[in-house]
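A.B. asks: Before I ask anything, here is the structure I am working with.
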């Protein structure tokens, strides 16, 4: 069996998010149907009761209201049973005084992880990598991040990317590196490229530009 068939076909940016039913710590969900009209950050972790994953879940929980303000739901996943998830979240609440407010999928068979290409092909046993899928209100995959087992995610970067995707959609613009603190244009955004010579000339009159192909504006 080759590596691709072991880990499943990875959904690509622009694909419809694969559908599934799942048991979670908050009840059964049908995905993405139950979340139509919302953005979703679906993220997998290697295992419950592990230190790096615990720090990640605490950070996601502490930033949960920021995600809610962006009309976004968080959904966790690992290849553990729901009882393990429940005991782990209970431990986090009791020992760290942090309540996990979002659902965690119990994917003990690994079928959902395989559906999203989340299985780690080199790990001993069955573990999911630290994958993050950004899924828009239409159920389309808009961005994907992957981290190794040994490195925890940056929740602030996940929030930044989510805000950037929403801004790009709303204003039909591109987002520069390190936005909103870009070294060249600060918190401004980049105008979409011109489609003809006349548009290129008009852009120089309408916007601030380094050249006709690199114009930007405040939003």
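A.B. asks: What residue, of 216, 207, is over 30 Å from residue 43 (Cβ atoms) and crowded, with 17+ Cβ neighbours inside 10 Å?
C.D. replies: 216
A.B. asks: Could you give me the residue pairs with C-beta distances under 6 Å whose first residue belongs to region 165-184 and is over 12 Å from residue 219 (Cβ atoms), whose second residue is assigned to a loop (DSSP other than H, G, I, E, B) and modelled with pLDDT under 95 wherever it lies, and which are 6+ apart or on separate chains?
C.D. replies: none
A.B. asks: Give just the number: which of (1) without any contact (Cβ under 8 Å) to a residue 40 or more places away in the chain; (2) assigned to a strand (DSSP E or B) does residue 142 not satisfy?
C.D. replies: Failed condition: (1).
A.B. asks: Restricting to region 72-88, count the residues that are in contact with a strand residue (DSSP E or B) (Cβ under 6 Å, 6 or more places away or on another chain) and surrounded by fewer than 21 Cβ atoms within 10 Å (Cβ to Cβ).
C.D. replies: Total meeting the criteria: 3.
A.B. asks: Residues in region 3-24: is at least one closer than 24 Å to residue 154 by Cα, touching a helix residue (DSSP H, G or I) at 6+ places or on another chain (Cβ under 6 Å) and modelled with pLDDT of 95 or more?
C.D. replies: No, region 3-24 has no match at all.
A.B. asks: With surrounded by fewer than 14 Cβ atoms within 10 Å (Cβ to Cβ), touching a helix residue (DSSP H, G or I) at 6+ places or on another chain (Cβ under 9 Å) and under 29 Å from residue 165 (Cβ atoms) as the only criterion, which of 69, 99, 65 stands out?
C.D. replies: 99
The values are calculated or read from the model by the stated rules, or taken from the named source; none is laboratory data. The structure displayed is predicted, hence computed values, not measured ones. Methodologically, a virtual Cβ is constructed for each residue, glycine included, from the backbone with ideal geometry; neighbour enumeration extends over all protein chains shown.
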